[in-house]
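What follows is a short report on a single structure.
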Amino acid sequence: MDIINELAKYKKIIDIELEKVIPNTDLFQKKVFEAMRYSIFAGGKRLRPILTLKTCELICGSYEEAMNIAMGIEMIHTYSLIHDDLPAMDNDDFRRGKPTNHRVFGEDIAILAGDGLLNLAYETMLEGISLNKIGLEKHILAIKEVSRSAGVFGMIGGQTVDIQSKDDVIEEKKLAFIHQNKTSALIEASIVSGAIVAGANHEQISFLRGYGQSIGLCFQIRDDILDRIGDEKALGKNTGSDETNNKLTYLSLYGMENSVNEIQRLNIKAMESLSTFDEKESMFFKELADYLAYRKS
Ligand code: GRG
């Protein structure tokens, strides 16, 4: 399997659907739509929604049932990036290779664009229930999984501790909490929600959750490394922001060699979580784990 082609194929499928739910409008509030579209179509990798569709496909053979949840997750992810870039948070100028949302639209509209995406995410995920009619309970459980991972017990919780960790004393437990919640939780939920709507059993969900936790942490450690040694052009954002903001990161705590070793350990763990699935059908997930562990952007 060519993982790059496969990711590009699914990104296109998701973008076509997102275009339908976040349209260009001529309504009075068109400015907020413009700002939402600016960030959502700025060229993100669509990693999370692809994981949702692919997991659904792994369990039940097709991805359609998970489409609205996948779109909702991408909207939540994009809102979090818009808000994370704001002057009150990381104060970043570039994201996805373009000036950040508040640099183009101003802080007021950027805040509203994030809020707009967050609310539309839930509306879209709920709309998925009315489109599918059957499987109401599976959809509710999947949406609950996403809500928890994005909220105060997940991403918002992790972000809260992260912004308070500036100039902090080194603390292993706190760093693990930040990583698990700020980044890994939504990646894990992207996989688990796809499995739930597809009708996965408890054992399958548990193995896929393990896979999600491993690649989620791996993704964040690689992110820390890229912030130190990555190429700004390839990343589409400025590097060195962790150091400038004096952030507690895996690199600052354990150093480069240990960080690289931890990525390798998590990669092996992710592969082990896939061992109960058919080798051919789970090939995408194996190749993706490798791709994320050594990604350049
Ligand atoms: C504001 C509630 C709130 C949360 C913000 C996601 C986040 C929490 C902060 C972003 C800071 C950051 C760079 C975290 C590292 C991991 C991460 C989420 C990277 C960006 O994800 P990618 O690489 O981005 O999947 P694209 O643009 O490809 O979608």
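Residues checked against (1) of a type in the set (Ser, Thr, Tyr); (2) more than 30 Å from Met67 (Cβ to Cβ):
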{"residue": "Val161", "(1), (2)": "no, yes"}
{"residue": "Ser165", "(1), (2)": "yes, yes"}
{"residue": "Glu172", "(1), (2)": "no, yes"}
{"residue": "Leu175", "(1), (2)": "no, yes"}
{"residue": "Ile178", "(1), (2)": "no, yes"}
{"residue": "Ser184", "(1), (2)": "yes, no"}
{"residue": "Ala189", "(1), (2)": "no, no"}
{"residue": "Val192", "(1), (2)": "no, no"}
{"residue": "Asn201", "(1), (2)": "no, no"}
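Annotation: Ala234 fulfils all but one of (1) touching a helix residue (DSSP H, G or I) at 6+ places or on another chain (Cβ under 8 Å); (2) farther than 30 Å from Leu58 by Cα; (3) of a type in the set (A, V, I, L, M); the unmet one is (1). Scanning segment 229-236 turns up one or more residues that are within 11 Å of the ligand (Cβ to nearest atom) and in contact with a Gly (Cβ under 6 Å, 6 or more places away or on another chain). Restricting Ala70, Ala8 to those that are out of contact with any helix residue (DSSP H, G or I) (no Cβ under 9 Å at 6 or more places or on another chain), at pLDDT 95 or above and within 15 Å of the ligand (Cβ to nearest atom) reduces the list to Ala8.
Being under 21 Å from Asn261 (Cβ atoms) and part of a helix (DSSP H, G or I) is a property that does not hold for Arg209. The residue list Ser165, Ser190 contains one member that is surrounded by 17 or more Cβ atoms within 10 Å (Cβ to Cβ), more than 13 Å from Thr249 (Cα to Cα) and among the hydroxyl-bearing types (Ser, Thr, Tyr), which is Ser190.
This table checks each residue for (1) under 23 Å from Thr78 (Cβ atoms); (2) in contact (Cβ under 8 Å) with a residue 60 or more places away in the chain.
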residue	(1), (2)
Lys173	no, no
His179	yes, yes
Thr183	yes, no
Ser190	yes, yes
Ile196	yes, no
Gly199	no, yes
Ile215	yes, yes
Asp227	yes, no
Lys237	yes, yes
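Which of the residues that make up segment 76-94 are of a type in the set (S, T, N, Q), more than 8 Å from the ligand (Cβ to nearest atom) and within 18 Å of Thr183 (Cβ to Cβ)?
Residues satisfying the conditions do not exist here.
Here Thr239 qualifies as touching a Gly at 6+ places or on another chain (Cβ under 8 Å) and either in a loop (DSSP other than H, G, I, E, B) or more than 15 Å from the ligand (Cβ to nearest atom) (or both). Of the residues contained in segment 164-174, one or more are found to be of a type outside the set (S, T, N, Q), out of contact with any helix residue (DSSP H, G or I) (no Cβ under 7 Å at 6 or more places or on another chain), within 15 Å of the ligand (Cβ to nearest atom) and not in a helix (DSSP H, G or I).
Within segment 66-124, the set of residues being touching a residue at least 60 places away in the same chain (Cβ under 8 Å), hydroxyl-bearing (Ser, Thr, Tyr) and closer than 22 Å to Lys237 by Cβ comprises just one member, Ser80. Within segment 246-269, is even one residue out of contact with any Asp or Glu (no Cβ under 9 Å at 6 or more places or on another chain), outside any helix (DSSP H, G or I) and within 13 Å of the ligand (Cβ to nearest atom)? No, there is no match, as no residue in segment 246-269 is out of contact with any Asp or Glu (no Cβ under 9 Å at 6 or more places or on another chain), outside any helix (DSSP H, G or I) and within 13 Å of the ligand (Cβ to nearest atom).
Yes/no per residue for (1) among the charged types (D, E, K, R); (2) crowded, with 20+ Cβ neighbours inside 10 Å; (3) at pLDDT below 90:
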site: Met75; (1), (2), (3): no, yes, no
site: Pro87; (1), (2), (3): no, no, no
site: Asp108; (1), (2), (3): yes, no, no
site: Asn132; (1), (2), (3): no, no, yes
site: Glu171; (1), (2), (3): yes, no, yes
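The values are calculated or read from the model by the stated rules, or taken from the named source; none is laboratory data. In this text, all values refer to a predicted model and were calculated from it rather than measured experimentally. In this analysis, Cβ positions are derived from the backbone assuming ideal geometry, glycine residues included, and neighbour counts consider all displayed protein chains.
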